[in-house]
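Working notes, beginning with the structure itself.
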Amino acid sequence: MSNNIYIYIFVMAGVTYLIRLLPLTFIRREIKNTFIRSFLYYVPYVTLSVMTFPAILYATENLLSALVGLIAAIFVAWKGDSLIKVSAAACITVFLVELFI
């Protein structure tokens, strides 16, 4: 197979289109099953978490500073503070841990 970039783009576009088209084709009525509805409700949050979590752990040179920053962010978020405060607490914590390690 030659390395024609347009073939790859068309195949990728076709697969992406099919993934979005098939649920619309097969599911015509409203979903009434509470388990499936709750599952579909949490899919975006889980997807974002799965994509973000590895980046959090490998964003610093030291895994320990990343874990301490993650714990600080979880603690501040658990208290109910804003996203700015959560990210600031995580950044400051990672900075301080990296400074002393």
task: Can you give me the number of residues within the range 28-57 that are assigned to a loop (DSSP other than H, G, I, E, B) and surrounded by 10 or more Cβ atoms within 10 Å (Cβ to Cβ)?
output: 1
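Matching residues to (1) under 22 Å from the mean Cα position of the chain (by Cα); (2) not in a helix (DSSP H, G or I); (3) not polar (S, T, N, Q):
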site	(1), (2), (3)
Val11	no, no, yes
Ile19	yes, no, yes
Leu24	no, no, yes
Thr60	yes, yes, no
Leu70	yes, no, yes
Val76	yes, no, yes
Gly80	yes, yes, yes
Ala88	yes, no, yes
The range 85-96 residues that are polar (S, T, N, Q), paired with ones that are crowded, with 19+ Cβ neighbours inside 10 Å (beta carbon under 6 Å, 6 or more apart): Thr93/Val68; Thr93/Gly69; Thr93/Ala72
message: surrounded by 10 or more Cβ atoms within 10 Å (Cβ to Cβ) and not acidic (Asp, Glu): is that true of Leu99 in this structure?
response: no
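Read the figures in this text as sums done on the coordinates, not as results from a lab. Being a predicted model, the structure only gives us computed values, none of them experimental. Positions of Cβ are backbone-derived with ideal geometry, glycine not excepted, and every protein chain shown enters the neighbour counts.
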